[in-house]
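The values are calculated or read from the model by the stated rules, or taken from the named source; none is laboratory data. Given the structure is predicted, the values throughout are model-derived calculations rather than measurements. Note that we place each Cβ from the backbone using ideal geometry, even for glycine, and neighbour counts take in every protein chain shown.
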Amino acid sequence: MDLNFKLLLLLLLTSTSFIGQTKSDEWHLVANSRENYFGVAMANGQIGIVTDDTPLKTKEIILNGVYEGSPENGISRIVRGIEFLNLHLSIDGQQIESSTISNWNQVISMKEGISTTSFSFKDLASINYSILANRAVPYSAMAIVEITPLKDIEILANNYMIVPDELKDAKSQFRVLKDNQYLMPIFGTKAKTLNGKYTVSASTTFLFDGQNEPLKQTGNEVGFTKKLLKGQKYRFAIAGGICTSKDITDPLNESERQPIYALQQGIDNLVNRHKQAWAELWNTGDIQIEGDLDAQQRIRFALYNLYSYIRPETRQSIAPMGLSSQGYNGHIFWDSELWMYPTLLALQPDMAKSCLDYRSDRLQKAKQKATIYGYKGAMYPWESDDTGEEATPTWALTGIFEQHITADVAIAFWNYYALTQDKSWLRSEFKVLKETADFWVSRVVKNTDGSYSILNVVGADEYAQHVDDNAFTNASAIEALKNTIKAATILNEPIDPKWKDVSEKLVIHRENGITQNYKGYKGQTIKQADVNLLAYPLHIITDKAQIEKDLDYYVEKIDKKDGPAMASGVLSVLYSRLGDREKAYTYFVKSYLPNSRPPFGVFSESANSNNPYFATGAGAMLQAVIYGFGGVEQTDNGLKYNKGLLPKKWKSLKIIGLGVDNKTITVE
C-alpha cells in the first residue's frame with residue numbers, strides 16, 4: 001500500500017468529522033460551520049433547489065431537461081429557474097441577515113429529502129427554516145418556517161423571488177383569486193429564457209397552521225405581519241411551484257395552480273406525501289452497513305443524490321452534476337449509461353428505464369449525426385441536450401471523436417433486457433441496438449490481415465486524442481455488436497453478417513502481455529480507467545491473470561492529481577472480484593474521500609476541483625459497493641449473486657431491493 005493510500009485511510013479512521021459533521025447519524029448529515037460551504041440539492045427529479053448557508057435563502061434552482069443557448073458561445077445550457085422560496089424576515093423592525101444570526105446549524109435529512117437550517121436571532125427568537133422539493137408533486141416545493149419567540153415580538157415576513165441573469169422580460173404580479181368563500185392569494189413571476197425559447201413561471205402563496213393572515217404586496221415582495229407571544233411556537237410556509245413551456249403549454253396558469261393546490265392540502269398533508277414518496281424509494285432500494293457509520297452516511301448520500309436527480313417515466317436522463325448546478329451545461333454524457341445507470345438498474349429499474357427512454361426518443365438525431373459524418377446507422381452525441389443533437393462546445397474534440405458513447409448506450413439497452421427479460425420491450429427498442437451496430441460496421445476499417453481497426457478517436461482516456469484502436473472504444477463496440485446479435489437471435493430478426501465479422505475481428509492490441517491503451521501506447525499518464533474497463537463493466541477480458549497484469553500496470557498510470565473519481569470505483573470492483581480485500585477497500589475510500597467537500601461531503605469531480613455535486617463519481621462509488629463488495633454481477637440472464645467480500649471494519653452489508661423481484665442480499 002503506498003503512502004497516499006495510508007494517509008487516506010488514516011484520515012478516515014481518525015476523523016469522522018472530516019466533512020464537518022457532528023452529531024450526524026445514518027440518515028442525517030449535520031453542519032455547524034458555514035466555512036467553505038458547499039450546498040446540497042433538494043431535488044425531486046424535476047427541480048433541484050440548492051441549499052445556501054445564508055438564512056432563509058436558496059442558492060439556485062435547476063430545471064431538469066430545460067435548455068437554452070448560452071450567451072458565451074450559443075451552446076445549450078441547462079436553465080436556472082426563478083428562485084421562489086426566498087424570505088425576508090424582520091423581527092421588531094430588525095431584518096435577519098447573515099451577519100446578525102448565531103448558533104447556525106443545518107441538517108440534511110436523506111431519508112426525507114428535507115434540509116433544515118436553525119439559528120438564533122439576537123435575544124428575540126430561535127428559527128428553523130426547512131426546504132423541500134416535493135417528491136410526490138414534481139413541479140412544487142415548500143419552505144417551512146418555525147419561529148420560537150424568546151420574548152413578545154412582531155414579525156414581518158416577505159416572500160421575494162430572484163430572477164437569474166439568464167432569464168429576461170420578468171414580470172411579477174400579486175392577486176387574490178376567489179371561488180365562493182375561498183380566497184386564494186397568489187404571488188407570481190413570469191420570464192423568458194435568454195433567447196425566448198421557453199417561458200418560465202413560478203407562483204407562491206403562504207400557508208398557515210392556524211388562521212390565515214392577510215397578505216400585502218410591498219414593491220416586489222408579498223408578505224404579512226404578526227405579533228407573537230413569548231414561548232409560543234409559530235409556523236407558516238411558502239408553498240408553490242415552477243413550470244416551463246417545455247413541459248406545459250400554459251406554464252403561467254399551471255404554476256398558479258400549484259399554490260392553489262397547496263392551500264387546499266395544507267402544510268402537513270404536503271409534507272407527509274413528500275415523506276411517503278421518499279419512504280417508498282428507500283424501501284425498494286437501500287444499502288445498509290453495520291460497523292462503519294462514515295461509509296453508511298456517504299453511501300446513503302450518494303443514493304440520495306442519484307434518486308433526487310431522476311424520476312421514473314419522465315424520459316429524462318442524468319447529467320454529471322445532476323440537478324445541483326449547471327456544471328457541464330447539464331448535458332448528458334456517458335456518465336449516465338456507464339457510471340450512474342448500473343446502480344439505478346440494480347436498485348431502481350424504472351429510473352434506469354427513463355435514461356433509456358431519453359436515448360430512444362433521440363435515435364433519429366443520432367442517425368442524423370451519423371449521416372453528417374458519412375456513416376451508417378446511429379451515432380450518439382458525446383454531449384446531449386433536449387434536442388439530441390451534438391451539444392459539445394465546438395472547441396472540444398470529444399464532440400466529434402469520443403465515439404464510444406454510441407456503444408455505451410447500446411450496452412445499457414441490452415443490460416436492461418438482461419435484467420428484466422422483457423422481450424416485448426426488447427422488440428420495441430431493438431432499433432437502437434440495430435442502428436448503433438450498423439454505425440460500428442460502417443465506422444471500422446479493414447486491415448490487410450482481415451482484422452478491423454477503429455482509427456482516429458478520443459477514448460475514455462481523454463488525454464489521448466487522435467489515437468487508433470483505443471482499447472475501451474474497440475471493446476465497447478465488440479460488446480455492443482455481440483449484444484445486438486443476441487437480441488436479434490431472441491427476436492428472430494435478421495443478423496447482418498458484418499456484425500459478427502467485426503465483433504470477432506476488431507483488434508485489441510497487447511504488448512509484453514499488457515493490453516494496450518491504444519495502438520502505440522508508451523506508458524503515458526492517462527486521465528482515467530480505460531483498459532481496466534474491459535474487465536468491468538465490460539466482459540471482454542475475463543482471464544484472471546490478464547486482469548491482474550492490466551491492473552498492476554495501469555493503476556500507476558492514472559492521473560493522481562486531476563483524474564476524475566470514477567477510476568477508483570472500478571478498481572475497487574475489480575480487486576473485490578479478485579478477492580483482494582485490502583486493495584478493494586483502499587480504492588473504495590479513494591473513490592470518495594479526496595473528493596468530499598464541506599460541510600456535508602458533497603462529491604467533487606477530482607481531488608483538486610470544487611464542482612460538486614458530481615453524481616458520476618457517486619455512481620462509481622456505489623458500483624464498488626454493489627458490484628464489488630456485494631458480489632452482484634450483471635449477466636445475460638439477470639443479476640447473479642456471488643459470495644461478495646466484506647471490508648474488515650464492516651460487520652455486515654445488506655443491499656435491499658435488487659432487480660425486478662426486489663431481492664435482499666446480506667454479506668457478513
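In this structure, is Thr664 without any contact (Cβ under 8 Å) to a residue 12 or more places away in the chain, under 25 Å from the mean Cα position of the chain (by Cα) and not assigned by TED's automatic domain parsing to the domain that holds Tyr416?
Values: without any contact (Cβ under 8 Å) to a residue 12 or more places away in the chain: yes; under 25 Å from the mean Cα position of the chain (by Cα): yes; not assigned by TED's automatic domain parsing to the domain that holds Tyr416: yes.
Spelling it out, Thr664 is indeed without any contact (Cβ under 8 Å) to a residue 12 or more places away in the chain, under 25 Å from the mean Cα position of the chain (by Cα) and not assigned by TED's automatic domain parsing to the domain that holds Tyr416.
Test Glu146 against the criterion of being part of a loop (DSSP other than H, G, I, E, B), acidic (Asp, Glu) and assigned by TED's automatic domain parsing to the domain that holds Thr51, and give yes or no. Talk me through it step by step, then tell me what you get.
Numbers: part of a loop (DSSP other than H, G, I, E, B): no; acidic (Asp, Glu): yes; assigned by TED's automatic domain parsing to the domain that holds Thr51: yes.
No.
Going through Gly210, Gly223, Gly241, Gly231 one at a time, which residue ends up being modelled with pLDDT under 95, of a type outside the set (Phe, Trp, Tyr) and over 30 Å from Leu622 (Cα atoms)? Walk me through how you get there before you give the answer.
Values: Gly223 fails: modelled with pLDDT under 95; Gly241 fails: modelled with pLDDT under 95; Gly231 fails: modelled with pLDDT under 95.
Answer to the selection: Gly210.
Can you pull out the residues in the range 160-173 that are surrounded by fewer than 17 Cβ atoms within 10 Å (Cβ to Cβ) and either closer than 10 Å to Lys190 by Cβ or in contact with a Phe, Trp or Tyr (Cβ under 7 Å, 6 or more places away or on another chain) (or both)?
Asp169, Ala170, Lys171, Gln173
Would you please name the residue that is nearest to the chain's Cα centre (by Cα), looking only at residues in the range 539-565 that are of a type in the set (A, V, I, L, M, F, W, C) and within 20 Å of Glu511 (Cβ to Cβ)?
Residues of the range 539-565 of a type in the set (A, V, I, L, M, F, W, C): 540-541, 545, 547, 551, 555, 558, 565.
Keeping just the survivors that are within 20 Å of Glu511 (Cβ to Cβ) gives 540-541, 545, 547, 551, 555, 558.
Working: Ile540: 28, Ile541: 29, Ala545: 35, Ile547: 30, Leu551: 28, Val555: 26, Ile558: 24 Å.
It comes out as Ile558.
Matching residues to (1) of a type in the set (A, V, I, L, M); (2) touching a residue at least 60 places away in the same chain (Cβ under 8 Å):
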{"residue": "Leu156", "(1), (2)": "yes, yes"}
{"residue": "Lys168", "(1), (2)": "no, no"}
{"residue": "Asn220", "(1), (2)": "no, yes"}
{"residue": "Ile242", "(1), (2)": "yes, yes"}
{"residue": "Leu252", "(1), (2)": "yes, yes"}
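Would you check which residues across the range 183-200 are in contact (Cβ under 8 Å) with a residue 60 or more places away in the chain and of a type in the set (Ser, Thr, Tyr) and list them?
Thr189, Thr193, Tyr198
Listed here are the residues, each with its yes/no results for (1) in contact with a Pro (Cβ under 7 Å, 6 or more places away or on another chain); (2) of a type in the set (Phe, Trp, Tyr); (3) over 30 Å from Phe206 (Cβ atoms).
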residue: Cys243; (1), (2), (3): yes, no, no
residue: Leu252; (1), (2), (3): no, no, no
residue: Ile260; (1), (2), (3): no, no, no
residue: Gln264; (1), (2), (3): no, no, no
residue: Val271; (1), (2), (3): no, no, no
residue: His274; (1), (2), (3): no, no, no
residue: Ser308; (1), (2), (3): no, no, no
residue: Met321; (1), (2), (3): no, no, yes
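Among the residues of the range 218-233, are any over 28 Å from Leu124 (Cβ atoms), under 34 Å from the mean Cα position of the chain (by Cα) and in the same structural domain as Pro55 (by TED's automatic domain parsing)? So that I can check it myself, show each step before the final result.
Step one: list which residues in the range 218-233 are over 28 Å from Leu124 (Cβ atoms), which gives none.
No.
Got a number for residues in the range 545-597 being part of a helix (DSSP H, G or I) and in contact with a Phe, Trp or Tyr (Cβ under 9 Å, 6 or more places away or on another chain)?
Here is the first cut: in the range 545-597, the residues part of a helix (DSSP H, G or I) are 545-554, 566-577, 581-590, 593-595.
Pick out the ones that are also in contact with a Phe, Trp or Tyr (Cβ under 9 Å, 6 or more places away or on another chain) and you get 547, 551, 566-577, 581-590, 593, 595.
The number of residues fulfilling the criteria is 26.
Please specify each residue of the range 114-168 satisfying the condition of being closer than 16 Å to Asn86 by Cα and of a type in the set (Asp, Glu).
Selection gives Glu146 alone.
Restricting attention to the range 345-365, which residues are assigned to a helix (DSSP H, G or I) and either out of contact with any helix residue (DSSP H, G or I) (no Cβ under 7 Å at 6 or more places or on another chain) or closer than 28 Å to Lys59 by Cα (or both)?
To start, the set of residues in the range 345-365 that are assigned to a helix (DSSP H, G or I) comprises 345-347, 349-361, 363-365.
Result: Leu347, Asp350, Met351, Ser354, Cys355, Asp357, Tyr358, Asp361, Gln364, Lys365.
Just to be sure before I move on: is Thr473 modelled with pLDDT of 95 or more, over 23 Å from Lys522 (Cα atoms), among the polar types (S, T, N, Q) and in the same structural domain as Asp496 (by TED's automatic domain parsing) in the structure I sent? Outline the logic, then answer.
Details: modelled with pLDDT of 95 or more: yes; over 23 Å from Lys522 (Cα atoms): no; among the polar types (S, T, N, Q): yes; in the same structural domain as Asp496 (by TED's automatic domain parsing): yes.
Answer is no for this residue.
Within the range 336-344, does at least one residue satisfy the condition of being buried (at least 21 other Cβ atoms within 10 Å of the Cβ), in contact (Cβ under 8 Å) with a residue 12 or more places away in the chain and under 27 Å from Glu72 (Cα atoms)?
Taking the range 336-344 first, the residues buried (at least 21 other Cβ atoms within 10 Å of the Cβ) are 336-344.
Right, trim to in contact (Cβ under 8 Å) with a residue 12 or more places away in the chain and you get 336-344.
Now restrict to residues that are under 27 Å from Glu72 (Cα atoms): 336.
Checked the range 336-344: at least one residue is buried (at least 21 other Cβ atoms within 10 Å of the Cβ), in contact (Cβ under 8 Å) with a residue 12 or more places away in the chain and under 27 Å from Glu72 (Cα atoms).
Considering every residue within the range 300-321, establish whether at least one is among the polar types (S, T, N, Q), under 26 Å from Ile400 (Cα atoms) and buried (at least 19 other Cβ atoms within 10 Å of the Cβ). Don't jump to the end; show me each part of the working.
Going through the range 300-321, the residues among the polar types (S, T, N, Q) turn out to be 305, 308, 314, 316-317.
Narrowing the set further to residues that are under 26 Å from Ile400 (Cα atoms) leaves 316-317.
Now drop any that are not buried (at least 19 other Cβ atoms within 10 Å of the Cβ), which leaves 316-317.
Yes, the range 300-321 contains a residue that is among the polar types (S, T, N, Q), under 26 Å from Ile400 (Cα atoms) and buried (at least 19 other Cβ atoms within 10 Å of the Cβ).
Residues in the range 265-284 that are farther than 20 Å from Gly210 by Cα and in contact with a strand residue (DSSP E or B) (Cβ under 7 Å, 6 or more places away or on another chain): how many?
We begin by selecting, within the range 265-284, every residue farther than 20 Å from Gly210 by Cα; these are 273-284.
Retained after the next criterion (residues that are in contact with a strand residue (DSSP E or B) (Cβ under 7 Å, 6 or more places away or on another chain)): 274, 284.
The number of residues fulfilling the criteria is 2.
Grab the helices (runs of 4 or more DSSP H) fully contained in the range 389-493, keeping just those with 2 or more residues being over 29 Å from the mean Cα position of the chain (by Cα) and in contact (Cβ under 8 Å) with a residue 60 or more places away in the chain.
Values: elements: 398-401, 404-420, 423-443, 471-491.
Helices (runs of 4 or more DSSP H) meeting the threshold: 423-443, 471-491.
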